[in-house]
Protein chains: 2
Amino acid sequence: MLQAIKANIIHAEKSGFVSRENAYLVMEDGVIQGVFDTLPAQYQNAALEDYGDAILTPAFADMHLHAPQYPMMGLGGDLQLIDWLNDYAFPTEAMFADTDFARRVYRQLAQELIKRGTTRVCMFSSLHTDATLILMEELEKAGVTGLVGKVNMDRNSGKSLQESTGESIRETLRWLDACGNFRLVKPILTPRFTPACTDELMAALGKLARERDLPVQSHLSENDNEIAWVKELHPDCAQYWQTYAKYGLWKQGTLMAHCVHSDARERAAMREAGVFMVHCPDSNVNIRSGIAPVRRALQEGVQVVMGTDIAGGVQLNMADALTMAIRMSKQRWIESQGQDDFLRFHEAFYLATTAGAAYFGVPSGFRAGERLHAQILTDALLCPTLQPLTLPERLERLICAADPHSLHAVYSDGVQRL
Amino acid sequence: MLQAIKANIIHAEKSGFVSRENAYLVMEDGVIQGVFDTLPAQYQNAALEDYGDAILTPAFADMHLHAPQYPMMGLGGDLQLIDWLNDYAFPTEAMFADTDFARRVYRQLAQELIKRGTTRVCMFSSLHTDATLILMEELEKAGVTGLVGKVNMDRNSGKSLQESTGESIRETLRWLDACGNFRLVKPILTPRFTPACTDELMAALGKLARERDLPVQSHLSENDNEIAWVKELHPDCAQYWQTYAKYGLWKQGTLMAHCVHSDARERAAMREAGVFMVHCPDSNVNIRSGIAPVRRALQEGVQVVMGTDIAGGVQLNMADALTMAIRMSKQRWIESQGQDDFLRFHEAFYLATTAGAAYFGVPSGFRAGERLHAQILTDALLCPTLQPLTLPERLERLICAADPHSLHAVYSDGVQRL
């Protein structure tokens, strides 16, 4: 089916915005054919969706969030990481042994992601294989694409949320076998974090990653107490990242959430291996971890993407997450008396959209041959201005100052989902 | 007219939440008669509004915002205070010479405040008398109550937004004369800030404040460059606050926005005079002023209230402003390595509701004899939980993690407005 969408089209490159006013984006069966200033003759028969003065821009990629923490989003804000995990996160995740509950929560989460313009995710499930498969089903049904991981955790997680090493490996294999039929979501190996995984489990996951060429996601250098704990557990590793590298889990495309306390050496190790930093600014301030050195990482050539980290973060909307990234980098600017420059709007928007898509191998902008991931935003309901605004100004106002109702439509994988 | 509202009723005191489940709040002509566990016999004929499992809690008080900056909300985020004023804020405010534009913007602003549960404000208008009266009309129509100030500014504000000293005084008198008919909104004297007001103007406003017993609002110690500038302009004043005190503007009930860099001495001067600190956390990080010492001010006995500071802040929703206050105080905790304790949820909610109402002389909670200012929140659309939550937990989730659609109804001055 041939479709044409007319709108003001804008996306962020690393260096700034690229926009085309009143342009036509043509799709055939969800695959972009091109973007044109006037509709070419061969597409005159396309079904035209004219969004008038609205803005079409890439959909969001939320590259780190914990699906089973969604029910506790907004709770436990007085605690820091380790207490927060033990008192809130682990008991909540334990509830996902109940597959009916999992179905209700995950159906709602998947729909809420689409309602906020998020079409790509890298997500942690819980350790439960069945609930993880339910999560993948519900994401697919709602049209959310990306990677989902059954969590591996065989130590230090309390009674109600722990697997034996053998169970963890067996369940991972059972889960991987059942993943074959999903089209939009694929598996990613997910050791929770070093303190929750025995050496034997880490070794088994590293072997699996190599043998089946599977991607890996985990947590890195989020909190001082956590880092000290990792050092106790692995006295042979000078730095946290080496506890993953030791087992073959530190490799091209590995996603490491947080990196709040990653120093120059750890960041260099990321750059050299092709490991991605997932910046989760709201979570980092909410559970009092600190402000990640995002600007420095970018300057050094580390690949950075962004995540909400539900429910360490409490903003499911990536528009809120990216404005928080700007806020916290401004605070870093203040603290460093201007030494660490702050993120400009186009950079934060780039991290939340283009950079996330790039993780999945998708080039920037709306290139022919790619399936459309886009959101349509309208500022018709915002406060009037006397002078007309540029497209980047309109986008900034929509993302930074508008309530969610500015989102008019969402396309994921070439299909309109909202 | 006799009305009864059934809901879960909760409000914040300084020390924590006070709640009553499934209670009845009875009003007669908008005036609270009492809160009861069962409906007393004499009120059995009241018109009953049963909100079921929803929560009734005080409406928000936004104690510092600039109405004529609403059209630029979300723009200019790369600049710091003085450049931001000159490049964005002053040119935008200058547009309010156009009374038709003012009417459109202010009508929308007033309605949007109610839609976000804000029923009390202390607001800056621009220097334009006619637009200020329009703002007051529109607030009154929408049901927003509180104080509004025609801004006084007779120097250092560029060509398009400056009055002569004589004009400023004459227009202030004309404005005050025209304010007599408003019922819900009253005037407050509003010298913009020391750099924008000549000594002669400050003296005239101080005289007016005394003679007519009018309250005062302004800005204090927001930004380092601003403070240095004030020092140049008033070499006789050791501290910023003294430039207001010198002219009789530093008095019981004076509202001073920001106070980011107010040290112990300046805070002591606030406490001693009964001057209120208006904390505007989103603005303070957005235009890179810093983090105000709110926790210290509270410990020292300074009276603190909260504001969005639209459009230095870009969150019109006080729920967002108060969660930002928690975030930034957590960041202060991180920076001080735990020396400065962070704001807990009940404290931030107290500042955004009860403390603001107290500025207007209203006691905490829902006392008999007061007109009802309340918002009804429902978490029916939020993610299900397996275990039931307490009322304070439900409120925390609604305020910290829910989108604006959790607001079900709003009462202002005893009248349902949403």
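Do we find that B:L201 is at pLDDT 95 or above, more than 24 Å from B:G356 (Cβ to Cβ), surrounded by 20 or more Cβ atoms within 10 Å (Cβ to Cβ) and not β-branched (V, I, T) in this structure?
So B:L201 passes the test.
May I ask you to say which residue of B:G301, B:G290, B:G313 is of a type outside the set (V, I, T) and under 19 Å from the mean Cα position of the chain (by Cα)?
B:G313
Test A:T378 against the stated conditions and say whether it is at pLDDT 95 or above, in contact with a helix residue (DSSP H, G or I) (Cβ under 9 Å, 6 or more places away or on another chain) and either of a type in the set (S, T, N, Q) or under 16 Å from A:A348 (Cβ atoms) (or both).
Against the criterion (at pLDDT 95 or above, in contact with a helix residue (DSSP H, G or I) (Cβ under 9 Å, 6 or more places away or on another chain) and either of a type in the set (S, T, N, Q) or under 16 Å from A:A348 (Cβ atoms) (or both)), A:T378 qualifies.
Taking segment B:382-399, which residues are at the interface with chain A (Cβ under 9 Å from one of its Cβ atoms), of a type outside the set (V, I, T) and over 30 Å from B:L184 (Cβ atoms)?
Residues satisfying the conditions are B:L382, B:C383, B:P384, B:L386, B:Q387, B:L389, B:E393, B:E396, B:R397.
Looking only at residues in segment A:234-281 that are within 14 Å of chain B (Cβ to nearest Cβ) and more than 13 Å from the chain's Cα centre (by Cα), which one is nearest to A:G312 (Cα to Cα)?
If we take residues in segment A:234-281 being within 14 Å of chain B (Cβ to nearest Cβ) and more than 13 Å from the chain's Cα centre (by Cα), then A:V260 is nearest to A:G312 (Cα to Cα).
Let's see how each residue does on (1) in contact (Cβ under 8 Å) with a residue 24 or more places away in the chain; (2) within 13 Å of another protein chain (Cβ to nearest Cβ); (3) over 27 Å from the mean Cα position of the chain (by Cα); (4) surrounded by fewer than 23 Cβ atoms within 10 Å (Cβ to Cβ):
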| position | (1), (2), (3), (4) |
| --- | --- |
| B:E13 | yes, no, no, yes |
| B:I32 | yes, no, no, yes |
| B:D50 | yes, no, yes, yes |
| B:P68 | yes, yes, no, no |
| B:F96 | yes, yes, no, no |
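Looking only at residues in segment A:325-345 that are hydrophobic (A, V, I, L, M, F, W, C) and facing chain B (nearest Cβ under 8 Å), which one is farthest from the chain's Cα centre (by Cα)? Step through it out loud before you land on a result.
First, the residues of segment A:325-345 that are hydrophobic (A, V, I, L, M, F, W, C): A:325-326, A:328, A:333-334, A:342-343, A:345.
Right, trim to facing chain B (nearest Cβ under 8 Å) and you get A:326, A:328, A:333-334, A:342, A:345.
Working: A:I326: 17, A:M328: 18, A:W333: 25, A:I334: 27, A:F342: 21, A:F345: 18 Å.
The extreme case among them is A:I334.
Could you check, for segment B:165-176, whether at least one of its residues is open to solvent by 60 Å² or more (accessible area, probe 1.4 Å), more than 25 Å from B:T145 (Cβ to Cβ), acidic (D, E) and in contact with a helix residue (DSSP H, G or I) (Cβ under 9 Å, 6 or more places away or on another chain)?
Scanning segment B:165-176 turns up no residue that is open to solvent by 60 Å² or more (accessible area, probe 1.4 Å), more than 25 Å from B:T145 (Cβ to Cβ), acidic (D, E) and in contact with a helix residue (DSSP H, G or I) (Cβ under 9 Å, 6 or more places away or on another chain).
Pull out all pairs, ordered by first then second residue, where Cβ-Cβ is under 9 Å, the residues are six or more apart or on different chains, the first lies in segment A:400-416 and is within 8 Å of another protein chain (Cβ to nearest Cβ) and at pLDDT below 85, and the second is part of a strand (DSSP E or B) and buried (at least 22 other Cβ atoms within 10 Å of the Cβ).
As it stands, the answer is A:A402/A:L377, since those pairs meet every condition given.
What residue, of A:G356, A:G313, A:G301, is out of contact with any strand residue (DSSP E or B) (no Cβ under 7 Å at 6 or more places or on another chain), buried (at least 18 other Cβ atoms within 10 Å of the Cβ) and in contact (Cβ under 8 Å) with a residue 24 or more places away in the chain?
Exactly one of A:G356, A:G313, A:G301 is out of contact with any strand residue (DSSP E or B) (no Cβ under 7 Å at 6 or more places or on another chain), buried (at least 18 other Cβ atoms within 10 Å of the Cβ) and in contact (Cβ under 8 Å) with a residue 24 or more places away in the chain, namely A:G313.
Can you find even one residue in segment B:270-282 that is touching a residue at least 40 places away in the same chain (Cβ under 8 Å), farther than 17 Å from B:M63 by Cα and buried (at least 18 other Cβ atoms within 10 Å of the Cβ)?
The answer is no; no qualifying residue exists.
Out of everything in segment B:15-30 that is open to solvent by less than 40 Å² (accessible area, probe 1.4 Å) and under 24 Å from the mean Cα position of the chain (by Cα), what residue ends up being nearest to A:D78 (Cα to Cα)?
B:G16
Residues that are closer than 19 Å to B:A348 by Cβ: which helices (runs of 4 or more DSSP H) entirely in segment B:232-312 hold 2 or more of them?
Answer list for segment B:232-312: B:281-286, B:294-299.
Failed condition for A:Q44, given (1) more than 23 Å from the chain's Cα centre (by Cα); (2) within 14 Å of chain B (Cβ to nearest Cβ), with all others met?
Every condition holds for A:Q44 apart from (2).
Confirm whether B:L139 is touching a residue at least 40 places away in the same chain (Cβ under 8 Å) and within 19 Å of the chain's Cα centre (by Cα).
yes
Considering segment B:368-409 alone, what residues qualify as being charged (D, E, K, R) and part of a helix (DSSP H, G or I)?
Passing the criteria: B:E393, B:R394, B:E396, B:R397.
Return yes when A:L343 is surrounded by fewer than 23 Cβ atoms within 10 Å (Cβ to Cβ) and either within 21 Å of B:L75 (Cβ to Cβ) or at pLDDT 95 or above (or both) and no when it is not. Let's see the steps before the verdict.
On the way: surrounded by fewer than 23 Cβ atoms within 10 Å (Cβ to Cβ): no; either within 21 Å of B:L75 (Cβ to Cβ) or at pLDDT 95 or above (or both): yes.
For A:L343, the condition - surrounded by fewer than 23 Cβ atoms within 10 Å (Cβ to Cβ) and either within 21 Å of B:L75 (Cβ to Cβ) or at pLDDT 95 or above (or both) - is not met.
Anything in segment B:283-293 that is open to solvent by 10 Å² or more (accessible area, probe 1.4 Å) and either in contact with a Pro (Cβ under 8 Å, 6 or more places away or on another chain) or away from every other protein chain (no Cβ under 14 Å) (or both)? List them, or say none.
Across segment B:283-293, the qualifying residue is only B:I291.
Identify all residues within segment B:36-73 that are small (G, A, S) and in contact with a Ser or Thr (Cβ under 9 Å, 6 or more places away or on another chain); write none if there are none.
Matches in segment B:36-73: B:G52, B:A54, B:A59, B:A61, B:A67.
What tally of residues in segment B:194-231 results from selecting those that are at positive phi and not small (G, A, S)?
Qualifying residue count for the region: 1.
Out of the residues in segment A:98-109 that are crowded, with 24+ Cβ neighbours inside 10 Å and of a type in the set (A, V, I, L, M, F, W, C), state the one that is farthest from the other protein chains (Cβ to nearest Cβ).
Residues of segment A:98-109 that are crowded, with 24+ Cβ neighbours inside 10 Å, as a first pass: A:102, A:105-106, A:109.
Adding the requirement that they be of a type in the set (A, V, I, L, M, F, W, C) leaves A:102, A:105, A:109.
Values: A:A102: 11, A:V105: 6, A:L109: 7 Å.
Going through the qualifying residues, I end up with A:A102.
Scan segment B:118-162 residue by residue and report those that are among the charged types (D, E, K, R) and either surrounded by fewer than 24 Cβ atoms within 10 Å (Cβ to Cβ) or part of a strand (DSSP E or B) (or both).
Step one: list which residues in segment B:118-162 are among the charged types (D, E, K, R), which gives B:120, B:130, B:137-138, B:140-141, B:150, B:154-155, B:159.
Scanning segment B:118-162 gives B:R120, B:D130, B:E137, B:E138, B:E140, B:K141, B:D154, B:R155, B:K159.
Tell me which residues, restricted to segment B:364-381, are acidic (D, E) and within 11 Å of chain A (Cβ to nearest Cβ). Steps first, answer last, please.
The first filter runs over segment B:364-381 and keeps only residues acidic (D, E), leaving B:370, B:379.
Result: B:D379, single match.
Could you pull out the residue among B:G361, B:G365 that is without any contact (Cβ under 8 Å) to a residue 60 or more places away in the chain, open to solvent by 10 Å² or more (accessible area, probe 1.4 Å), part of a loop (DSSP other than H, G, I, E, B) and closer than 22 Å to B:E28 by Cα?
B:G361
Checking B:M306 against (1) more than 14 Å from B:S218 (Cβ to Cβ); (2) open to solvent by less than 10 Å² (accessible area, probe 1.4 Å); (3) within 14 Å of chain A (Cβ to nearest Cβ); (4) at pLDDT 95 or above, which single condition isn't satisfied?
(3)
The values are calculated or read from the model by the stated rules, or taken from the named source; none is laboratory data. A quick note: this is a predicted structure, and the numbers were derived from the prediction, not measured. Every residue, glycine among them, receives a Cβ derived from its backbone with ideal geometry; neighbour counts consider all protein chains shown. Each accessible area value is taken on the protein alone, full model and side chains, heavy atoms only, with ligands, DNA and RNA left out. Shrake-Rupley method; radii C 1.70, N 1.55, O 1.52, S 1.80 Å.
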